[in-house]
Amino acid sequence: MEMLRADNITMQFGGLTAVKDFNLVLNKGEIVALIGPNGAGKTTAFNMITGVYKPTKGKIYFKGKDITYLAPHRITKLGIARTFQNIRLFKDLSVLDNVLIANHLHIKSNLFEAVTRFPRYRIEEKEMIKKSLNLLEMVGLTNVENEKSSSLPYGMQRRLEIARALATNPEVLLLDEPAAGMNPKETEDLTKFIKQIRDDFDLTIFMIEHHMQVVMGISKRIYVLDYGVTIAHGNPNEIQNNQRVIEAYLGVENNA
Ligand SMILES: Nc1ncnc2c1ncn2[C@@H]1O[C@H](COP(=O)(O)OP(=O)(O)OP(=O)(O)O)[C@@H](O)[C@H]1O
């Protein structure tokens, strides 16, 4: 089943074309990667899919529904969640509160009921806490729910960020460089973790990642962007042996 489709999406910033005619298909249950040198347009592609940027051209469909011009919160509510390149947790809040905040998207009580702690709100709140604790357990963050989120080791903060995204009940999860800043052990654990959440939460995952071990290890297919243009698309083996891809990466190294 097709979960997400982008048809020729293009994003121009003034005279700069950050992404040009990008075509994407994500099928249910797939883990698909988006790679490319710095500034290739990967985050811009994510920002278009999640409604942060409105494409200059092209259309985006979630389960057949046109979401191109929807606001980010509407897109999240439909079932697309994301994490960010730089961890964006509420640093001074507890681990549990960070997840609870994301849960509020699905709360049915209105503001009056919340402020007055109306019975319906109290019941919903209890359910949310239970659901959040369960979620934390599923991502391996047990017994740290009352810790300040900033006190967690880096790898755990990344898991918390993913838990927060999962709290919005997504069907499609976009991960922006989940292995950034991780040590080799954390990176290895992350690879298993991504597969595990795909299975446990019945997800389709689209991930930007520079860490080739992670990308090649878990991706079914890979899209490669360079200067906003898709220079290759294929399975890990095809991408590893693709001459244009090799040149794009070597070019970056030579310029460094
Ligand atoms: N809001 C914006 N306004 C103007 N230019 C932008 C904006 N966002 C991105 N760009 C430009 O678009 C191009 C693509 O940037 P983008 O961040 O999407 O690349 P990336 O592949 O995600 O890079 P990295 O791997 O370094 O995160 C860059 O030249 C960048 O400077």
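The values are calculated or read from the model by the stated rules, or taken from the named source; none is laboratory data. Predicted model, so just to flag it, every value in this text is computed and none were measured. Note that each Cβ is placed from the backbone with ideal geometry, even for glycine, and that neighbours are counted across all protein chains shown.
Hey, could you check the stretch 220-246 for residues that are among the aliphatic types (A, V, I, L, M) and either closer than 17 Å to residue 43 by Cα or not assigned by the TED database to the domain that holds residue 46 (or both) and say which is nearest to the ligand (Cβ to nearest atom)?
So in the stretch 220-246, the residues among the aliphatic types (A, V, I, L, M) come out as 222, 224-225, 229, 231-232, 239, 245-246.
After this cut, where a residue has to be either closer than 17 Å to residue 43 by Cα or not assigned by the TED database to the domain that holds residue 46 (or both) as well, the list is 222, 224-225, 229, 231.
On the way: 222: 14, 224: 11, 225: 6, 229: 12, 231: 13 Å.
So the residue we want is 225.
Inspect all residues belonging to the stretch 61-72 and state whether any of them is assigned by the TED database to the domain that holds residue 220, within 13 Å of the ligand (Cβ to nearest atom) and of a type in the set (S, T, N, Q). Break it down into steps so the answer makes sense when it comes.
The initial filter retains those residues of the stretch 61-72 that are assigned by the TED database to the domain that holds residue 220, namely 61-72.
Then keep just the ones that are within 13 Å of the ligand (Cβ to nearest atom); that gives none.
No, every residue in the stretch 61-72 fails to be assigned by the TED database to the domain that holds residue 220, within 13 Å of the ligand (Cβ to nearest atom) and of a type in the set (S, T, N, Q).
Take the residues in the stretch 176-219 that are assigned to a loop (DSSP other than H, G, I, E, B) and farther than 19 Å from residue 43 by Cβ, then tell me which one is modelled with the lowest pLDDT. Quick ask: steps written out before the conclusion?
Taking the stretch 176-219 first, the residues assigned to a loop (DSSP other than H, G, I, E, B) are 177-183, 201-203, 209-211, 219.
With the extra rule that they be farther than 19 Å from residue 43 by Cβ, the set shrinks to 183, 201-203.
On the way: 183: 87, 201: 94, 202: 96, 203: 98.
If we take residues in the stretch 176-219 being assigned to a loop (DSSP other than H, G, I, E, B) and farther than 19 Å from residue 43 by Cβ, then 183 is modelled with the lowest pLDDT.
Does any residue in the stretch 8-34 that is exposed (fewer than 14 other Cβ atoms within 10 Å of the Cβ) come within less than 6 Å, Cβ to Cβ, of a residue that is of a type in the set (Phe, Trp, Tyr) six or more places away or on a different chain, and which pairs are these?
none
Name the single residue, out of those in the stretch 51-102 being out of contact with any His (no Cβ under 9 Å at 6 or more places or on another chain) and among the small types (Gly, Ala, Ser), that is surrounded by the most Cβ atoms within 10 Å (Cβ to Cβ). First the steps, then the outcome.
Our first condition is that a residue be out of contact with any His (no Cβ under 9 Å at 6 or more places or on another chain); within the stretch 51-102, this holds for 52-76, 78-102.
Checking which are among the small types (Gly, Ala, Ser) leaves us with 58, 64, 71, 79, 81, 94, 102.
Details: 58: 18, 64: 9, 71: 12, 79: 18, 81: 24, 94: 16, 102: 20.
Out of the qualifying residues, it is 81.
Residues to consider are 200, 226; find the one that is among the acidic types (Asp, Glu), surrounded by fewer than 18 Cβ atoms within 10 Å (Cβ to Cβ) and in contact with a helix residue (DSSP H, G or I) (Cβ under 8 Å, 6 or more places away or on another chain).
Numbers: 226 fails: surrounded by fewer than 18 Cβ atoms within 10 Å (Cβ to Cβ).
It is 200.
Please tell me if residue 20 is within 16 Å of the ligand (Cβ to nearest atom), within 30 Å of residue 239 (Cβ to Cβ), more than 14 Å from the chain's Cα centre (by Cα) and not assigned by the TED database to the domain that holds residue 205. Reasoning before the result, please.
On the way: within 16 Å of the ligand (Cβ to nearest atom): yes; within 30 Å of residue 239 (Cβ to Cβ): yes; more than 14 Å from the chain's Cα centre (by Cα): yes; not assigned by the TED database to the domain that holds residue 205: yes.
Yes, satisfied.
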